[in-house]
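Working notes for the structure below.
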Amino acid sequence: MNDRLALTFLTGKRRFNYRVAAVVIREGHVLVCREDDDDFVMLPGGRVEFGEDSETALKREIGEELDCSGTVKRLLFSAESFFERDGERFHEIGKYYLVDLPADFPFSPGGTARVTRDEGHDLVFRWVRVTPKALEAEKLSPAFLWSALEQLPARPLFIVADEG
């Protein structure tokens, strides 16, 4: 029996998500993930499960998606995002943490770091230069990250991002 319950629900065409994500930066590049044939990328991570704190959820997601253990350094952003995707209106609470991965995790500037399969989806992890122009070209979601990742905050920031 699987007692895991992701904190997401759908009501009609409205979806709520509670998501955690890793900001992994190496040599001016950030690790991003593209799922299947999506036309956007996101930071590695996933949904928090019921009864799980966000840091524990992120460590679990890193293990599941990247097959390694990451060191969660500190919270960078707590965000409430509103956006539309595939005909659904999303309300997403996101926690974005600075994370270090092991030194032997593959790094190739502009290249693919890992390809894996998770929950029936192909995931491709790549390194993208940390500039607003490069992140916008990749359609990093949510869009507030395009500029927010260029200079990481000294203290956690709360952001409300309404992308229409």
Histogram of C-alpha separations across the chain, 10 Å bin width, %: 10, 41, 40, 9, 0
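Sorted from fewest to most neighbouring beta carbons within 10 Å, what does the list Thr8, Thr112 look like?
Listing Thr8, Thr112 from fewest to most nearby Cβ atoms yields Thr112, Thr8.
Looking at the stretch 1-98, which trypsin sites (Lys or Arg not before Pro) are DSSP coil and have at most 14 other C-beta atoms within 10 Å of their C-beta? Don't skip to the answer; put the middle values down first.
Values: sites: Arg4, Lys13, Arg14, Arg15, Arg19, Arg26, Arg34, Arg47, Lys59, Arg60, Lys73, Arg74, Arg85, Arg89, Lys95; in loops: Arg4, Lys13.
Of the trypsin sites (Lys or Arg not before Pro), the ones in loops of the stretch 1-98 whose Cβ has at most 14 other Cβ atoms within 10 Å are Arg4, Lys13.
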Between Asp3 and Arg89, how many nm apart are label points set 7 Å from Cα along the C-beta direction? 3.6 nm
Simple label model, 7 Å out from Cα along Cβ direction - Asp39 to Leu10, nm: 2.0 nm
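In the stretch 8-159, what is the count of Lys pairs whose alpha carbons are under 23 Å apart, counting only pairs at least 8 residues apart or on separate chains? Could you put the intermediate results ahead of the total?
Details: Lys13/Lys139; Lys59/Lys73; Lys59/Lys95; Lys73/Lys95; Lys95/Lys139.
So the count of such lysine pairs works out to 5.
Give a quick list of GluC sites (Glu not before Pro) in the stretch 112-164 that DSSP marks as loop, anything other than H, G, I, E or B, with at most 15 other Cβ atoms within 10 Å. Mind dumping the intermediate values first?
Numbers: sites: Glu119, Glu136, Glu138, Glu150, Glu163; in loops: Glu119, Glu138, Glu150, Glu163.
For GluC sites (Glu not before Pro) across the stretch 112-164 that sit outside H, G, I, E and B with at most 15 neighbouring Cβ atoms in 10 Å, the list reads Glu119, Glu150, Glu163.
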Taking the Cα centre of the stretch 8-159 as the origin, how large is its charge dipole in debye, to the nearest 20, when only Lys and Arg (+1) and Asp and Glu (-1) carry charge on their Cβ atoms? 500 debye
Positive end of the charge dipole of the stretch 8-159 (Lys, Arg +1 and Asp, Glu -1 on Cβ, about the Cα centre): tell me which of Phe107, Phe83, Ile159 has its Cα farthest that way. Ile159
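Quick check: net charge around Gly111, other residues with Cβ under 14 Å of its Cβ, Lys/Arg +1 and Asp/Glu -1? The partial results should precede the final answer.
On the way: positive: Arg26, Arg34, Arg114, Arg126, Arg129; negative: Glu27, Glu138.
The answer is +3.
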Could you list the chymotrypsin sites (Phe, Trp or Tyr not before Pro) in the stretch 22-93 that lie in coil according to DSSP, counting only those with at most 13 other Cβ atoms within 10 Å of their Cβ? Phe50
How much net charge surrounds Pro142 when only other residues with a Cβ under 9 Å from its Cβ are counted (Lys, Arg +1; Asp, Glu -1)? -2
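A short reminder: the numbers here are calculations on the coordinates, not readings from a lab. In this text the structure is predicted, and so the values were computed from the model without any measurement. Note that each Cβ is placed from the backbone with ideal geometry, even for glycine, and that neighbours are counted across all protein chains shown.
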